[in-house]
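The values are calculated or read from the model by the stated rules, or taken from the named source; none is laboratory data. Because the structure is predicted, anything quoted here is derived from the model rather than measured. Backbone-built Cβ (ideal geometry, glycine too); neighbour counts: all protein chains shown.
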Amino acid sequence: MTAPKPSSLAFVPFVSVANMMEIVHRIGLENMLRDLAEYIEDDFRRWELFDKTPRVASHSAEGVIELMPTSDGEVYGFKYVNGHPKNMKEGLQTVTAFGLLADVGTGYPVLLSEMTVLTALRTAATSAMVAKHLAPKGSKTMAMIGNGAQSEFQALAFKAICGISSVRLYDIDPAATKKAMQNLEGWGLSVTACRTPEDAIEGAAIITTCTADKQYATILTDNMVGAGVHINAIGGDCPGKTELHKDILLRSDIFVEFPPQTRIEGEIQQLDEDYPVTEMWQVINGEVQGRRDNRQITLFDGVGFAIEDFSALRYIRSKLEETGLYQKLDMVADPDDPRDLFGMVQRAKS
């Protein structure tokens with residue numbers, strides 16, 4: 001007996017790592033970062049439409065595995081992502097991810113995509129999109145503290161979206177800084193390797209911290225942060241993992257994605273549960289003022305939220321027809337008679 005061929009409804013577009021990398025080169029990295037920032041900002045503008053919940057996390061001594069779901073009522077999305085700092089020593093990625101979109105009306109999946117590369121892109125695009133609203137106008141120099149897998153994406157997003165022209169790099173591991181220096185050659189940035197975090201932040205109007213240790217850490221101390229800067233704190237993203245001294249938080253106006261998640265995972269886990277923070281969607285919609293003056297310290301306590309991943313997947317889905325860079329996965333069982341799943345299995349017997 002010949003096994004029945006899958007129907008057209010059985011196939012789901014799948015964007016592989018190879019596809020994703022080719023999409024980046026086809027569109028252009030900086031263009032793609034700008035596009036993603038626009039999609040993310042658009043979804044922040046309709047923030048109240050979305051289902052919102054803190055991500056579902058499974059913690060272990062080695063790291064964390066998380067699911068990040070959301071829906072705008074028409075499309076449902078989720079991301080699977082891990083965070084295992086120990087992996088680097090074993091030659092593995094600290095973060096890996098994949099994501100899915102589904103039609104709310106039928107429940108059928110409409111996109112499956114790698115999200116290890118895409119998460120790096122959307123995180124950088126989110127950081128720069130937020131800084132566009134909060135950083136001092138005309139900022140040209142950023143300190144990048146933590147020169148791991150995310151650092152180059154951050155630097156180029158701030159160049160493409162905020163107009164920075166100079167990046168000062170620091171990492172506890174000089175090899176990471178050397179890697180970032182080499183990767184950023186030829187991208188139109190002035191890049192400086194620094195020996196200390198204090199050296200890195202000298203003259204920087206924007207300070208990005210992105211380190212990987214799963215522990216309470218003090219990457220920036222209070223005396224290192226002067227008036228008027230914007231801090232993009234994106235390394236703290238789970239309970240017990242922070243980068244900034246508490247006193248910096250107390251001197252800053254703090255902006256977050258979704259407070260119930262950030263209070264668990266972000267820098268503000270160091271503060272009282274009712275400590276006032278501002279949600280970024282309110283700033284983007286003009287309901288709350290962001291930067292008020294040139295002495296204000298603004299702090300984006302970014303932990304990554306499901307709506308940003310939804311935006312990124314929505315963007316990739318919009319590029320499928322244009323690029324053709326996807327594969328068709330036989331992923332949904334679709335019998336001729338919806339009641340006869342058993343019969344479909346039996347007819348596949350050779």
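Structure values in brief
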read-out	value
Residue satisfying condition, being over 19 Å from residue 162 (Cα atoms), more than 19 Å from the chain's Cα centre (by Cα) and in contact (Cβ under 8 Å) with a residue 60 or more places away in the chain, within set 227, 306	227
Of all residues in the stretch 9-21 being in contact with a helix residue (DSSP H, G or I) (Cβ under 8 Å, 6 or more places away or on another chain) and surrounded by fewer than 17 Cβ atoms within 10 Å (Cβ to Cβ), the one that is nearest to residue 306 (Cα to Cα)	17
Of the criteria (1) modelled with pLDDT under 95; (2) under 27 Å from residue 8 (Cα atoms), which one residue 88 fails	(2)
Pairs where the first residue, in the stretch 315-334, is small (Gly, Ala, Ser) and the second is assigned to a helix (DSSP H, G or I), C-beta under 8 Å, 6+ apart	333/10; 333/341; 333/344
Search result, residues across the stretch 319-340 that are out of contact with any Leu (no Cβ under 9 Å at 6 or more places or on another chain) and surrounded by 12 or more Cβ atoms within 10 Å (Cβ to Cβ)	323, 325, 327, 328, 330, 340
Among the residues listed as 279, 265, the single one being touching a Pro at 6+ places or on another chain (Cβ under 7 Å), within 29 Å of residue 226 (Cβ to Cβ) and buried (at least 19 other Cβ atoms within 10 Å of the Cβ)	265
Residue count for the stretch 280-303, restricted to those that are touching a residue at least 60 places away in the same chain (Cβ under 8 Å) and within 18 Å of residue 132 (Cβ to Cβ)	15
Qualifying residues in the stretch 153-179 (those that are touching a Lys or Arg at 6+ places or on another chain (Cβ under 9 Å) and part of a helix (DSSP H, G or I)) - the one surrounded by the fewest Cβ atoms within 10 Å (Cβ to Cβ)	174
